[in-house]
Amino acid sequence: MREIRRPGAIARGWTREGILLGIVAGLLIAIALLTPKFLTATNLQITSRYLVEVGLVAIPMTMIILIRGIDISVGSIVALATIVLGFSWSVYRIPMVAAIALALTVATLCGLLNGLAITRLRVPDLVVTLSTLAIYRGIAEGLGGGGRVYLYEDPIMRFLGEGQILGIPVGLWVFLPVVLIAGLVLDRTAWGRSLYAIGHNETAARFAGIRVDRIRLLVYTLSGLASGVSALFMAGRLGTARATAGLGLEFEVITAVVVGGTAISGGEGSIWGSFLGVVMVTALRNGLNLIGVPSPIQAMIIGALLILTVLVNENLRVRIRGWVRPATPVPAHEAEPAPAANPSPHERR
Amino acid sequence: MGWKGREPFLLIVNALLIVILAATTPFMVRPDAAGGRVLDLSALRLLLDNYAATFIGAVGMTLVILAGQIDLSVGSALALCAVVAAQVSQMGWPVPLAFLAPILVGTLIGLINGAIVAYGRIHAILVTLGMMTLLRGLVVHLVPAGWVATSDAFKGVGLARPLGVSTSIWIAAAFALAMALAARYTRWGREVYAVGSNPNAAAIVGIRPHRIWFTVLLFNGFAIGLASAVHASRFGVIQNNIGQGFELLLITAVVIGGTSIFGGYGSVGGTLLGVLFLALVRSALIYFRIPALWEQAVYGAFLLFAVGLDIARSRAWARAWRGGTA
Amino acid sequence: MDAPLLALRNIYKAFPGVQALAGVSLDLYAGEVHALVGENGAGKSTLIKIAAGVHEPDAGEILIGGQPVRLQGPRHATALGIAVIHQEPYLFPTLSVLENLFVGFHPRRGPLGLVDWRAMARRAEGVFRELGISLPLDRPAGELSAAQQQLLQIARSLLQDARVLIMDEPTSSLSQKEVEILFGIIGRLRQRGVGVLYISHRLEEVFALADRVTVLRDGQWVGTYPISAVTPEALIARMVGRELTQMFPHTPHPPGEVRLRVQALGRPGLFEGISFELRAGEIVGMAGLVGAGRSEVAQAIFGILPPEEGWIEVDGRRMVPRAPWEAMAAGIFYIPEDRHRQGIVAPLSVRANLTLAILRRLARFGWIDRRAEDALVDAYRERLRIRVADPEQPVGTLSGGNQQKVVVARGLATQPRVLILDEPTRGIDVGTKAEIHRLMDELAGQGMAILMISSELPEILGMSDRILVMRAGRLMGELRREEATPEQVMALAMGLTSNGGVQAPEAR
């Protein structure tokens, strides 16, 4: 029986991830050569913690982008979760475990609200998440009052932020299994395959009985939950809870996912690719840090990386999934499935 | 411009807001020596002056959204151009040139955005997201000290008041008027509307959507450059984090002003009212002592609300679309 | 006599797998209304597209005003005075009606070339006066009714100095009143010297309007006649006259119990009062003209377009389907009409497409059982004779016929009790058509209840045990296989009364 990586990609998908793996490996080697500090245990541990924070959010983000959506509110959900965590623990004195539960609940609700606005109110996902980016962070800043809470003293937070099991940071113990599960879900399960179908042709997916709205609601909710978990690790690592947490996270995550080969037009991508993308972006940041590249220049490099990757990816795709048909209308039986851009400006879902 | 659609409604709402503010806060009245109350328009004038740059930026964004695109990099672009203005003015350039520099830089940014979107055939959202981060990085790199100041001569321009109205407002008004007229009376303007309304049909009648998207993004860059020059000349001190959240503000103003987020419908005039509305809301928040930290949430809520209204209106036109993409 | 405005001589056009036009000729004179009739698939739309510059003919000539031309695209055709009034127009819904009239060629004035709104309003009023119509210039075009959108298209063509107006099924969404208005306008167009090429299934209109009528059948020109020289029956006979070949295997099966009962199903604006029964082992054909509402009824039964009135009963259980999964759970499956947009997911593999509707069934705890999936795919591949080298190929690389088989297999895999097929053999080569028909017969023999929507008369007559005919959203009648003739079906579909007259479409 042939081992097939995922639906529809034949050999191409495998080769794409193979190439990506090669690039990432090359990058890591280059960085290691440029700065010996890269491969030290301490450095790897610190980097991997950051990797976990980005990576956890990248997983549902991959799914969202697969079905032609986007979520730019993840950073703000992190902020809100962090504030809820910190302030409920320090100001209202509830036990840390309860604070964690509360923070995760809030984060999941944020994701759920995003999903509901998109599926019920039919507001385009870009607009919803742009609004909630502001609303959630605004609430976080309002609640936080500009202050910060120190979380060093709490053992759970210290464990999340600095703890190791068998020399491997706690975060990885959570993240890697999640990657594995998510990757397998996308490759091998019914639900996963539905995502690819929706991303390529939502109408046909509906006609095949796939419950598109329910799936969409679920992935946005998962995005909220993942942001909440990421917030926990971040708060543990930084030792503080502030409303500025997670600023710019959506950018890192989206860059990682796009670099990992997921197409903004939907239907193409994989968790494995996104994982490699996260590794690449995180390693790049870390490497640049170690070399001594100042943080603003890093931002420029990564910004340019996103733009270049999108340019290359989208233009390598042979199918024309643009907004515009050629000037001579193509006869119906030769026509492509009608593009539903992000969001489809004038078509109803 | 067309005084139909949402503009009359907005005019009324804005007027109402002004009245409420006047009645309940010292916004427009102050007690005079005799114990009575006197109309004092200085707060309103200050408001308009402060928002001149926003007006200009919003006009640019209106055209981008009318064409069916979006530009998330405006905040970072604003910062970069303002920094350029400050630095060249400090280097001793004559004021007119110091005004021109940020405009050129802004236009260049718009050109790059436009080229990538139009010729790379990608939707603007990812490109401008990347550009947003890239430019912000550049700004922080150029201003490691955290802020930079313009020369006094430059600042003087912003504070001057020919005929009692500040230069910022003159520029903003002239720009907005020119753009409103262009949108309505030039072939380019009408093509922008057509492309936003139905890019496929536009292609069929011979309009090139990619060319239009290129030009609106280029133009938006110019607008941001101009806005930054106005801002820099008014405030004098540029912090390296200005402009954060600017894109949200502009998009919200545009949508509240009656422009459809999907493109093809809206007006410059409406956007101006939208900016005024948000400015008044902010003043209200200040006067009612709601902490500034909540502002963002308020804007976000307004955006969601305005787009929700927009969608409800769009539903009525859903039928025509089936033919448009045949 | 002057040269015809438009002449098409001996046009040939082939698409992969099908010869759409073989030696068709037609001409149109100034001030003439020339009707073009033929069944679905006869080649009418291809001919229009060639006249409009959308396609290039493989062979044959196009002459405009007596001069041979090679049309380089729709803009070229428009520039030469040929305009098409589409059923579903290209509109700018957010722009005003006034602007929609002029998009692409706004009148301008002055040294700056500014858009001259006043001239636009003036010319628009002028055209409206000439046509005897009135449209709200300031409202967004998206608010217009279908009839008004059509008037807008006509006005726009006149503003572009069209000499030839090709109207494609112009009255399919119009009320009686609106049709009368349209006829009045066509009269004025005639007076202006415009030539109208009028494509319609509605014979009463053809006889009311046309000077001449051309009949196409299976891509061939059958004849062109002055309207006074033919009767509706004669036309229908020429449209359908052919041998019913052995393309339609049909073994009579005694129908079993009632599987599906549809009761007073309605969705105002699309269809209403639809009631019928479907029994195990029978194939019921649903005939009707384009726009009659057949697909909408089927999609309502499947839950894609939930009905607003009425209900259905599957195996005796009553329900109102609100989503496809509900219908599928009750045992219904619908093979959609538009293979590309609604059927296949082109970049996904044949295997993934085939199993798309039964993913859950193939999965244990969500995990897809790859071996069971492969076995299933192989089984259906063989049973339906799907010709594909490798099931991992993207389904988009398959021929139309094989793609259709994949979609059918997808439906069969759900083991439905009721199978609805919407235009199952449209755009497919003859050989695969026969195979699909054979499959349908087999399925019926095994007790499946099948509802087949088709616009191809031979298919309806050849495959159905019973024929339901829809027109304008209503069920007009039911014919049994033994008693059905092509003329009868067409008569019901077009509203011809039994004494040979023509009946106007009912008021909506």
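The values are calculated or read from the model by the stated rules, or taken from the named source; none is laboratory data. Predicted model only: the values in this text are computed from it and were never measured. For neighbour counting, all protein chains shown are included, and Cβ atoms are generated from backbone atoms with ideal geometry for every residue, glycine included.
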So A:Ala263, is it more than 26 Å from A:Ser295 (Cα to Cα) and in contact (Cβ under 8 Å) with a residue 60 or more places away in the chain: yes
Of the conditions (1) at pLDDT 80 or above; (2) at negative phi, B:Gly263 satisfies every one except a single condition; which number is it? (2)
Which members of region C:349-383 meet the condition of being of a type outside the set (D, E, K, R), more than 10 Å from chain A (Cβ to nearest Cβ) and free of Cβ contacts under 8 Å to residues at least 40 places away in the same chain? C:Ala372, C:Ala375, C:Leu376, C:Val377, C:Ala379, C:Tyr380
Quick one: what pairs do we get from region B:189-210, first residue within 13 Å of C:Phe92 (Cα to Cα), second part of a helix (DSSP H, G or I) and modelled with pLDDT under 90, C-beta under 6 Å, 6+ apart or different chains? B:Asn198/B:Gly324; B:Ala201/B:Gly324
Residue check: is C:Glu88 more than 15 Å from C:Ala162 (Cβ to Cβ) and assigned to a loop (DSSP other than H, G, I, E, B)? yes
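How do the strands (runs of 3 or more DSSP E) wholly within region C:271-328 filter down when requiring 1 or more residues that are surrounded by fewer than 24 Cβ atoms within 10 Å (Cβ to Cβ) and not aliphatic (A, V, I, L, M): which remain?
Working: elements: C:271-279, C:283-288, C:309-314, C:317-319.
Filter on region C:271-328 gives C:271-279, C:309-314, C:317-319.
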Do we find a residue being part of a strand (DSSP E or B), more than 14 Å from chain B (Cβ to nearest Cβ), in contact (Cβ under 8 Å) with a residue 40 or more places away in the chain and surrounded by 16 or more Cβ atoms within 10 Å (Cβ to Cβ) anywhere in region A:195-212? no
Single residue of region C:104-128 satisfying the filter (modelled with pLDDT under 90 and not in a loop (DSSP other than H, G, I, E, B)) that is farthest from the other protein chains (Cβ to nearest Cβ): C:Arg109
With (1) surrounded by 18 or more Cβ atoms within 10 Å (Cβ to Cβ); (2) more than 7 Å from every other protein chain (Cβ to nearest Cβ); (3) at pLDDT below 90 as the list, and A:Gly142 as the residue in question, which single condition is left unmet? (2)
Across (1) within 20 Å of A:Gly269 (Cβ to Cβ); (2) modelled with pLDDT under 85; (3) part of a helix (DSSP H, G or I), A:Lys37 clears everything bar (1)
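Among the residues in region B:282-293, are any modelled with pLDDT under 95, facing chain C (nearest Cβ under 10 Å) and crowded, with 19+ Cβ neighbours inside 10 Å?
Residues of region B:282-293 modelled with pLDDT under 95: B:282-293.
With the extra rule that they be facing chain C (nearest Cβ under 10 Å), the set shrinks to none.
No, the conditions are met nowhere in region B:282-293.
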Filter result for C:Arg188 (touching a helix residue (DSSP H, G or I) at 6+ places or on another chain (Cβ under 9 Å), more than 27 Å from C:Thr224 (Cβ to Cβ) and not in a loop (DSSP other than H, G, I, E, B)): no
So which of B:Phe154, B:Phe214, B:Phe222 ends up being assigned to a helix (DSSP H, G or I), within 18 Å of the chain's Cα centre (by Cα) and more than 14 Å from chain C (Cβ to nearest Cβ)? B:Phe222
Out of (1) touching a Phe, Trp or Tyr at 6+ places or on another chain (Cβ under 7 Å); (2) buried (at least 24 other Cβ atoms within 10 Å of the Cβ); (3) more than 7 Å from chain C (Cβ to nearest Cβ), what's the single condition that is false for A:Gly183? (2)
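Tell me which residues, restricted to region B:210-223, are in contact with a Gly (Cβ under 8 Å, 6 or more places away or on another chain) and not aromatic (Phe, Trp, Tyr).
Within region B:210-223, the subset in contact with a Gly (Cβ under 8 Å, 6 or more places away or on another chain) is B:213-223.
Within region B:210-223, B:Thr215, B:Val216, B:Leu217, B:Leu218, B:Asn220, B:Gly221, B:Ala223 meet the criteria.
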If C:Thr171 passes every condition in (1) touching a residue at least 24 places away in the same chain (Cβ under 8 Å); (2) of a type in the set (Val, Ile, Thr); (3) facing another protein chain (nearest Cβ under 10 Å) but one, which one does it miss? (3)
Restricting attention to region C:199-236, which residues are modelled with pLDDT of 85 or more and part of a helix (DSSP H, G or I)? C:Glu205, C:Val206, C:Phe207, C:Ala208, C:Leu209, C:Ile227, C:Ser228, C:Ala229
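In this structure, is A:Thr82 touching a residue at least 60 places away in the same chain (Cβ under 8 Å) and surrounded by fewer than 24 Cβ atoms within 10 Å (Cβ to Cβ)? Full working, then the answer.
On the way: touching a residue at least 60 places away in the same chain (Cβ under 8 Å): yes; surrounded by fewer than 24 Cβ atoms within 10 Å (Cβ to Cβ): no.
When the stated conditions are applied, A:Thr82 does not pass them.
Pick out the one residue from B:Gly130, B:Gly60, B:Gly75, B:Gly110 that is free of Cβ contacts under 8 Å to residues at least 60 places away in the same chain and either outside any loop (DSSP other than H, G, I, E, B) or surrounded by fewer than 20 Cβ atoms within 10 Å (Cβ to Cβ) (or both). Write out each step before concluding.
On the way: B:Gly60 fails: free of Cβ contacts under 8 Å to residues at least 60 places away in the same chain; B:Gly75 fails: free of Cβ contacts under 8 Å to residues at least 60 places away in the same chain; B:Gly110 fails: free of Cβ contacts under 8 Å to residues at least 60 places away in the same chain.
That would be B:Gly130, the only listed residue that is free of Cβ contacts under 8 Å to residues at least 60 places away in the same chain and either outside any loop (DSSP other than H, G, I, E, B) or surrounded by fewer than 20 Cβ atoms within 10 Å (Cβ to Cβ) (or both).
Out of B:Arg121, B:Arg136, I need the residue that is crowded, with 22+ Cβ neighbours inside 10 Å and within 14 Å of chain A (Cβ to nearest Cβ). Which one? Working first, answer last.
Details: B:Arg121 fails: crowded, with 22+ Cβ neighbours inside 10 Å.
None of the other options fit; the residue is B:Arg136.
Of the residues A:Gly260, A:Gly266, which is under 16 Å from the mean Cα position of the chain (by Cα), within 30 Å of C:Phe333 (Cβ to Cβ), crowded, with 24+ Cβ neighbours inside 10 Å and of a type outside the set (Asp, Glu)?
Details: A:Gly260 fails: within 30 Å of C:Phe333 (Cβ to Cβ).
It is A:Gly266.
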Region B:9-20 residues that are aliphatic (A, V, I, L, M), paired with ones that are part of a helix (DSSP H, G or I) (beta carbon under 6 Å, 6 or more apart): B:Leu10/B:Leu273; B:Leu17/B:Leu280
Look through B:Val143, B:Val205, B:Val192, B:Val230 and report the one residue that is closer than 30 Å to C:Arg118 by Cα, buried (at least 18 other Cβ atoms within 10 Å of the Cβ), more than 7 Å from every other protein chain (Cβ to nearest Cβ) and among the β-branched types (Val, Ile, Thr). B:Val192
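Can you say whether C:Ile420 is over 30 Å from A:Ser265 (Cα atoms), within 12 Å of chain A (Cβ to nearest Cβ), surrounded by 22 or more Cβ atoms within 10 Å (Cβ to Cβ) and touching a residue at least 60 places away in the same chain (Cβ under 8 Å), as far as the supplied structure shows?
Details: over 30 Å from A:Ser265 (Cα atoms): yes; within 12 Å of chain A (Cβ to nearest Cβ): yes; surrounded by 22 or more Cβ atoms within 10 Å (Cβ to Cβ): yes; touching a residue at least 60 places away in the same chain (Cβ under 8 Å): yes.
Taking the combined requirement at face value, the residue satisfies it.
Let's see how each residue does on (1) more than 7 Å from chain B (Cβ to nearest Cβ); (2) buried (at least 18 other Cβ atoms within 10 Å of the Cβ); (3) at pLDDT below 80; (4) closer than 29 Å to A:Pro36 by Cα:
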| site | (1), (2), (3), (4) |
| --- | --- |
| A:Val279 | yes, yes, no, yes |
| A:Thr282 | yes, yes, no, yes |
| A:Ile291 | yes, no, no, yes |
| A:Ser295 | yes, no, no, yes |
| A:Ala299 | no, yes, no, yes |
| A:Leu308 | yes, no, no, yes |
| A:Trp323 | no, yes, yes, no |
| A:Ala340 | yes, yes, yes, no |
| A:Ser344 | yes, yes, yes, no |
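With C:Tyr380, C:Tyr334 as the choices, which residue is under 30 Å from the mean Cα position of the chain (by Cα), among the aromatic types (Phe, Trp, Tyr), buried (at least 24 other Cβ atoms within 10 Å of the Cβ) and at negative phi?
Details: C:Tyr380 fails: buried (at least 24 other Cβ atoms within 10 Å of the Cβ).
Sole residue among the options that is under 30 Å from the mean Cα position of the chain (by Cα), among the aromatic types (Phe, Trp, Tyr), buried (at least 24 other Cβ atoms within 10 Å of the Cβ) and at negative phi: C:Tyr334.
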All conditions in (1) surrounded by fewer than 23 Cβ atoms within 10 Å (Cβ to Cβ); (2) under 22 Å from C:Leu112 (Cβ atoms); (3) away from chain C (no Cβ under 11 Å) are true of B:Trp170 except (2)
Looking for something among the small types (Gly, Ala, Ser), at pLDDT below 95 and in a helix (DSSP H, G or I) - is there at least one such residue anywhere in region A:157-180? yes
